[in-house]
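Below is one structure, written out as structure tokens; the observations come after it.
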Amino acid sequence: MPGRPSAVTCCVAGGGPAGMMLGFLLARAGVRVMVLEKHADFLRDFRGDTIHPSTLELMHELGLLEEFLRVPHQEMPRLIAQFGDTSLAVADFTHLPTRCKFIAMMPQWDFLDFLARHGARYPGFHLEMRAEATALIEEAGRVIGVRGTAADGPFEVRADLVVAADGRSSVLRERAGLHVEDLGAPMDVLWFRLSRAPGDPAATMGRFDAGRIFVLLNRGPHWQCGYVIPKGSAEDVRRRGLDAFRASVAALMPFAADRVAEIRGWDDVKLLTVRVDRLRQWYRPGLLCIGDAAHAMSPVGGVGINLAIQDAVAAANRLWLPLREGRLTTEDLRQVQRRREWPTRVTQWLQLLVQRRVITTTLGRRGGRLTPPRLVRLLARFGSLARIPARLVGVGVRPEHVETPERAEAPV
Ligand SMILES: Cc1cc2nc3c(=O)[nH]c(=O)nc-3n(C[C@H](O)[C@H](O)[C@H](O)COP(=O)(O)OP(=O)(O)OC[C@H]3O[C@@H](n4cnc5c(N)ncnc54)[C@H](O)[C@@H]3O)c2cc1C
């Protein structure tokens, strides 16, 4: 691998969906870009394996869809919700105006590896694993680079633009002193796996019972299970003991009751502390935040990855030319926020509505039979209404399209 450059045109901190997509698109457009990822590989525990129809559409626009769909995945054409005994399709992707009318369930590391492999085709792409950005380098009020630590010790990289794509606990946005607005969430999620067996239902679904919400994602050989609990109550769940936890899982998925012993200890159960927030301002001279670093999304609808990727596409569309021509201004960064803030706000507003109307009321319910909320009953009564949530989840508000060119020659 060529050595680490000491100066690039754009330095992206964070090799998640936002950072890898931006790095790939900029390198493809002939910009010298370096992506810093603090982990040694993309092989991390579950953090969402959903590739949305809008992302698949981008793959098509990039001429990569066929190859991408050869990566092993499951196809999810509908989202099913079960309230008490009533099962309903709350989102039906089969009518979307996209080439792929399903969510592809694919391990996130396969998706990121795919982007890394394709990024490496371009001479301007440099991905540095085990390189953690720790501080911003500033000069006269402008961010001009990043300091970090890598396997071989501390390093510095100068860049015309630093992009913070370092996730919802972004170090760089904190170093930049950008103001985060906390929007609140009533729940946390306990994630774990159980194996699937012949005869199990095929559908990915959410189960709502009085006081309990349970999400089951069909991941082929296993179920990825999300046990939604009231915010801050993980310690209470642990205190009640593993047997009590296994018993409540068995009650929620009776077909897998024989497998709950696969949860061998609390190490098998990962806590996702849900946070919903957004930055008031996503940029400073020389710095732009995108993805979770700009807005952590609620897990409602599972749209965090989609928004992160859409931010990356919008940023690449707006910034590739000014970056290539060395005339990037803070106004360009403001325009990226302008483009993506509205979809973020609308999506978070809808998520907060579902949090209040469905999650809080379900978790707060003590006993009795749960019936679907009025909104959900409406979706079921008029089947075509299920296309609206499908559109919001599968495509999102203001979908982005690839406007960056492919430039094969080495960047200047
Ligand atoms: C348990 C769980 C389940 C989820 N399920 C879903 C789902 O089903 N669908 C969905 O759409 N979303 C889901 N999400 C949310 C989704 O993962 C995020 O919204 C999405 O990954 C955001 O992408 P990102 O690139 O902005 O940030 P991230 O994916 O968080 O990526 C940030 C990257 O930056 C790296 N990094 C962090 N700090 C530094 C640093 N200082 N220097 C260098 N690198 C750094 C991290 O290692 C990481 O690779 C889930 C999240 C979790 C935690």
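Observations
- Selection within the stretch 4-38 - in a loop (DSSP other than H, G, I, E, B) and either touching a Leu at 6+ places or on another chain (Cβ under 6 Å) or within 10 Å of the ligand (Cβ to nearest atom) (or both): Gly14, Gly15, Gly16, Val31, Lys38
- Residues that are open to solvent by less than 70 Å² (accessible area, probe 1.4 Å) and either within 10 Å of the ligand (Cβ to nearest atom) or more than 15 Å from Arg32 (Cα to Cα) (or both) within the stretch 119-131 comprise Glu128, Met129, Ala131, listed in sequence order.
- Test: residue in the stretch 46-57 that is open to solvent by 20 Å² or more (accessible area, probe 1.4 Å), more than 16 Å from the ligand (Cβ to nearest atom) and within 30 Å of Glu325 (Cβ to Cβ): no
- The set of residues in the stretch 252-294 that are assigned to a helix (DSSP H, G or I), open to solvent by 10 Å² or more (accessible area, probe 1.4 Å) and near the ligand (Cβ under 9 Å from one of its atoms) contains only Asp292.
- Qualifying residue in the stretch 89-99 (condition: free of Cβ contacts under 8 Å to residues at least 12 places away in the same chain and within 21 Å of the chain's Cα centre (by Cα)): no
- Selected residue [under 30 Å from Glu235 (Cβ atoms) and out of contact with any Cys (no Cβ under 8 Å at 6 or more places or on another chain)] from Ile263, Ile290, Ile309: Ile263
- Pair list, Cβ < 6 Å and 6+ apart or interchain, from the stretch 292-320 residues that are at pLDDT 95 or above to residues that are among the polar types (S, T, N, Q) and crowded, with 24+ Cβ neighbours inside 10 Å: Ala293/Ser170; Ile309/Thr55
- Scanning the stretch 196-233 for residues that are over 23 Å from the mean Cα position of the chain (by Cα), open to solvent by less than 40 Å² (accessible area, probe 1.4 Å) and farther than 17 Å from Glu75 by Cα yields Ala197, Phe208, Asp209, Ala210, Gly211, Ser233.
- Counting only helices (runs of 4 or more DSSP H) wholly contained in the stretch 295-404, the ones carrying 3 or more residues that are open to solvent by 20 Å² or more (accessible area, probe 1.4 Å) and within 30 Å of Arg142 (Cβ to Cβ) occupy 304-324, 330-354.
- Residues that are modelled with pLDDT of 90 or more and either within 17 Å of Leu216 (Cα to Cα) or surrounded by 20 or more Cβ atoms within 10 Å (Cβ to Cβ) (or both), drawn from the stretch 77-97: Pro77, Phe93, Leu96
The values are calculated or read from the model by the stated rules, or taken from the named source; none is laboratory data. Predicted, not measured: the structure shown is a model, and the values here were computed from it. FYI the Cβ positions are ideal-geometry reconstructions off the backbone, even for glycines, and counts take in every protein chain you see. For the accessible areas, the whole protein counts, side chains as well, though only heavy atoms, and no ligand, DNA or RNA atoms are used. Shrake-Rupley method; radii C 1.70, N 1.55, O 1.52, S 1.80 Å.
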